[in-house]
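These notes concern the structure reproduced below.
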Amino acid sequence: MRLLLLSAALVLIVSFPQWGNAGAGHNLSGWAWSSTIGWVSFNSTNTGGTDYGVSVAANGRMSGHAWSPNIGWISFNSSDLGGCPSGACSAEFNKQTGTVTGWARALAGTGPSVQTGDWGGWIQLSGNSYAVSAANCEWQGEAWGGGPSLSNGVIGWLSFKGSGYGVIGTGDACVQGSGTDLTAGGITPTGAIAGQSTTLSGTVTNIGGAVASASDTYFLLKNSGGKTVYSTTVNIPAIQPGAGDTRSFSYTFPAEGTYQAQVCGDWYGTVVETNEANNCGPLTAISVTSVVNANGVTCSVSNTSANLGGSVTYTASPSGAAGSPYTWLAPDGATGFGSAGTVTRTFSAAGNYGMQVTASGANLPGVCPVVSVAACTGTRTVDITAVPARVRPGSSTTLSWTAAGINTSCVITGPGISQTIPAASCTVPAGSSPTGTINTQSTYRISCDNGAITDSVIVNVIPEFEEF
């Protein structure tokens, strides 16, 4: 029956008109793959000829047509999807979660019995054990085309990402927050001596998922009366996702008092961001005194550079009972350092990190040297395998994975497993884990650096046969 349906589809496509708008105007492109029907193009820029493509609107509604040389047009238009086999019919993309729901339809496979087990051209974009989704702008996962049973189908599994191919989105076809977003922290140090030059520092961090182009960092300093006494801008280079850029300026405070300082990113608005309202850090109070207290505190650090997952040791002076208990303050908000004179900090994200330490009775905190944590360089690589890849119903398999060039962590997901593995020195250690019981075809994934790179493996279920 499967071969007959496919043959009928090949005959029917000859009569279909050449639908579609200009391919370059659609925000999905690239290829999907089915082992049954082969390549499916999502944009005419892939193939030339007739203009066509698939789009995601601002409200998440999908529309347009993909093209298969073997079965013809695959429609994402709501007008073609009425009467779908189950659930909501329209193809929808959630820009907050990256999930894709609803149906598409191969128009060559339409027929009168779509609810009774016939193929009907239906392609389900998410089900109980499979789904199409997006990580940033890369679409991935599998859709199912071929009826209610996972053991047969005309199109079968339609994969949106694999080795050397994939479906890519732009604009509204990307997960929200995957763009650039510059924000700033507080100013360090928070104490100074009147009449002495003090170096003040602030960090601008890119918390978005895309590279922020070169921009200008702005510093502002106000006196105790609220009057601006100093301001400057500093040009900074591009900032990678998750990384920061620390800049400094020097100022000699003329008198005692409480001053306020602030740092802002992208001062002239040259960077297009997903959030333009969070560029400035808080106004930081700076206490200016006339003398150094005898119980002043200094700080040293074991190393001013570190890799992701690496550690450095901070040491306060004077040490021991002369200065304890100590209070450690990280301008980026990190806590849990205790009150000892020596503390260790491990870094899980790239950037420049400051630290201060003070003690009871001290006028001024000790400002520790800034530690620079480098992002991983080179190409990210991930791999996940399952042994065996075909199991009988009720059995399990063992997953194995490797990952390199990883900045933060990797997440292993799938039926029976959900595991997060942090990276250390840009590498996620090779590991393995058994799955739970498998009764249907199952997809297992490794997703690293918040979905920046992924891989997946499908475990198939061997059908049970009965003699007759």
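The values are calculated or read from the model by the stated rules, or taken from the named source; none is laboratory data. These figures come from a predicted structure and were not determined experimentally. In this analysis, Cβ positions are derived from the backbone assuming ideal geometry, glycine residues included, and neighbour counts consider all displayed protein chains.
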Test: residue in the range 213-221 that is under 21 Å from Tyr353 (Cα atoms), surrounded by fewer than 16 Cβ atoms within 10 Å (Cβ to Cβ) and outside the structural domain of Ala57 (by TED's automatic domain parsing): yes
Take the residues in the range 343-359 that are within 16 Å of Thr304 (Cα to Cα) and of a type in the set (S, T, N, Q), then tell me which one is farthest from the chain's Cα centre (by Cα). Gln356
Within the range 290-329, which residues are assigned to a strand (DSSP E or B), among the β-branched types (Val, Ile, Thr) and either modelled with pLDDT of 90 or more or in contact with a Gly (Cβ under 7 Å, 6 or more places away or on another chain) (or both)? Thr298, Val301, Val312, Thr313, Thr315
Return the residues of the range 162-195 that are farther than 16 Å from Ala58 by Cβ and of a type in the set (D, E, K, R); say none if nothing qualifies. Asp181
Residue by residue through the range 159-207, note down the ones that are surrounded by fewer than 21 Cβ atoms within 10 Å (Cβ to Cβ), aliphatic (A, V, I, L, M) and part of a loop (DSSP other than H, G, I, E, B). Ala194, Ile207
Quick check: is even one residue across the range 9-26 modelled with pLDDT of 90 or more and closer than 20 Å to Cys174 by Cβ? no
I'd like the residue in the range 436-464 that is within 11 Å of Ser395 (Cβ to Cβ) and in contact with a Pro (Cβ under 7 Å, 6 or more places away or on another chain) and, out of all such residues, is surrounded by the most Cβ atoms within 10 Å (Cβ to Cβ). Ile438
